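The values are calculated or read from the model by the stated rules, or taken from the named source; none is laboratory data. Values in this document were obtained by computation on a predicted structure and should not be read as measured data. With ideal geometry, Cβ positions are generated from the backbone for all residues, glycine too; neighbour counts draw on all protein chains shown. SASA here: full protein model, heavy atoms, side chains in, ligands and nucleic acids out. Shrake-Rupley method; radii C 1.70, N 1.55, O 1.52, S 1.80 Å.
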Amino acid sequence: LEGNPVREDLNEAGEMIGIDLSINFVMAPNKDIVQVLAGRPLETLREGARTCAELYGVAIDDSYDIIVASCGGYPKDICLYQAQKGLNLASQALKAGGNILLLAASPQGVGDDVYFDYVSQFTSPEEVLADFRKQGFRMGAHKAYLFGRTLSRFDVAVFSELDQGVLQKCHLRSADPSEVIKEWVEGFDGSPRIGIVPNANTTYFYKNKQ
């Protein structure tokens, strides 16, 4: 909420329009409503964010060298397109250059033809990032940018039902969990700090204040 240009623009737009009342709902992981907030937009937003932090936020003292992240099962891992959310959130707890294994069955495949057709044009995540910044935002293609942003910073492996060739076109590495974790641990200088995230699509991390 703080220091986020998009959020600040939204806040300013709302103030210019003159919104008198906002009603927000905070939902638990099982979709039960745990809080209803009514009042001025920014006040309800901040209060709701505090509730969300209690439900979904995890405070950590330090980032991890290796993370094993599960999207949380069906339907959160119904396709690769949706599984990206868990990869993005889990990577926020990972050290620069770290390793992340994403567990996402993806029984419905990639999940979006626009994304797959776009990402397949390029040979690396860096090429995707450069082209997307040049061409501008396009729905579907934006998912390639989000994947690329993570892939360019971390070593990512995926365990899923997807064909290895399909994953390669998405610049993703297919891997057996036991083998890839063994590879990462043995290749690490010292004892790696390992994090397990069982509900990566609905878990976000923030650093404890020192």
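General observations
- Count of Lys pairs (Cα-Cα under 16 Å; at least 8 positions apart or interchain) in the chain: 7
- Neighbours of residue 83, meaning other residues whose beta-carbon lies under 9 angstrom from its beta-carbon, give a summed charge of +1 when Lys and Arg score +1 and Asp and Glu score -1.
- Proximal charge balance of residue 99 [Cβ under 10 Å; K/R count +1, D/E count -1]: -2
- Karplus 3J(HN,Hα) series, Hz, for the range 25-33 with 6.51 cos²θ - 1.76 cosθ + 1.60 (x for Gly, Pro): 10, 10, 10, 6, x, 8, 6, 5, 7
- Part-to-part distance (alpha-carbon centres) for the range 179-196 and the range 1-46, which is given in Å: 41
- All other residues whose Cβ lies under 14 angstrom from that of residue 150 are scored, Lys and Arg at +1 and Asp and Glu at -1, for a net of +4.
- FRET efficiency for the residue 96 to residue 168 pair, using the beta carbon distance and R₀ = 35 Å, is estimated at 0.90.
- In Å², nearest 10: area of residue 56 left accessible to a 1.4 Å probe: 40
- Across the range 54-109, the volume of the C-alpha convex hull divided among the residues equals 77 Å³ per residue.
- For residue 35, residues with placed amide H under 5 Å, excluding near neighbours: 26
- Peptides ranked, highest mean first, by Cβ atoms within 10 Å: ranges 8-15, 35-42, 199-206: 199-206, 35-42, 8-15
- For the range 1-107, the normalised intensity computed at q = 0.14, 0.16, 0.18 Å⁻¹ comes to -0.79, -0.96, -1.07 (log10 of I(q)/I(0), Debye sum over alpha carbons, equal scatterers, no solvent).
- Helix-only CD estimate at 222 nm, as mean residue ellipticity for the chain, using -39500 (n - 2.57) per DSSP H run (n ≥ 4): -12500 deg cm²/dmol
- Over all orientations, the chain has a Cα convex hull whose mean projected area works out to 13.8 square nanometres.
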